[in-house]
Amino acid sequence: MPRYSLVFVINRGPPSHLFCFFFLQTLPEMVESFTSNPEITKKNNPKNTIRLMNEYGAVFAKICQLSKQFHSNTSILKSCVKDGRVMLEAVIKRMPFLQTNFVSNQTEILGFFKVIQNATRTMQIICTNTKTSRKRKSSVTSIAAFIPKCKRAMEHFIFSVKSLLKSHDLDAAFTQGLCTCTKACRQTI
């Protein structure tokens, strides 16, 4: 069970230096906990495993969404892209488990995919902005090295979800929306 809770004062948010420390410590640790949690790797209690995956996914998505507030801090963006890729790869490794338990836990698994989709949307925005940004070349270069692997992991995740839904005749549950390019500071281009 994740030991992280994202509780901030609603209107004020965290001070920027505190959030940077929180983010840079929490996301890698949470991803490591997800990949090595014995409760998730056990296959004897699928309901509990899927519940834990949903909790980890919710924390992951909230942390990624919070990173958009600090779109000028390259260390936070780099951590989001780098550790987000590791999280997606861990989810992809658990796809066979989700495939076998999909019929009995359909709503929970679809909810998990929906939560992870929010995180991938944020990661996609960060990747797009980093590629198109020409200012601060040295800091952008450190993030740009992680973008191809991150995009590959996101594509693999999308295709895995699509194949899982197609194998259960739920093609209608998978829709692709209109692709709009959004800056990290929430401006639509």
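Bear in mind that the values in this text are calculations on the coordinates, not laboratory data. Not measured: the values here are computed from a predicted model. Reconstructed Cβ throughout: ideal geometry from the backbone, glycine too, with neighbour counts over all protein chains shown.
Over region 16-173, the Kirkwood radius and the radius of gyration, each from Cα atoms, give a ratio Rg/Rh of 1.00.
Think of region 39-86 as a dipole: +1 on every Lys or Arg Cβ, -1 on every Asp or Glu Cβ, centred on the Cα centre; then among 44, 79, 66, 44 lies furthest on the positive end. The slack between residue 95 and residue 142, meaning 0.36 nm per residue of separation minus the straight C-alpha distance, is 13.9 nm.
Pulled fully out, how much extra length does the chain show between residue 72 and residue 156, if you take 0.36 nm times their separation in residues and subtract their Cα-Cα distance? Full extension of this stretch gives 27.4 nm more.
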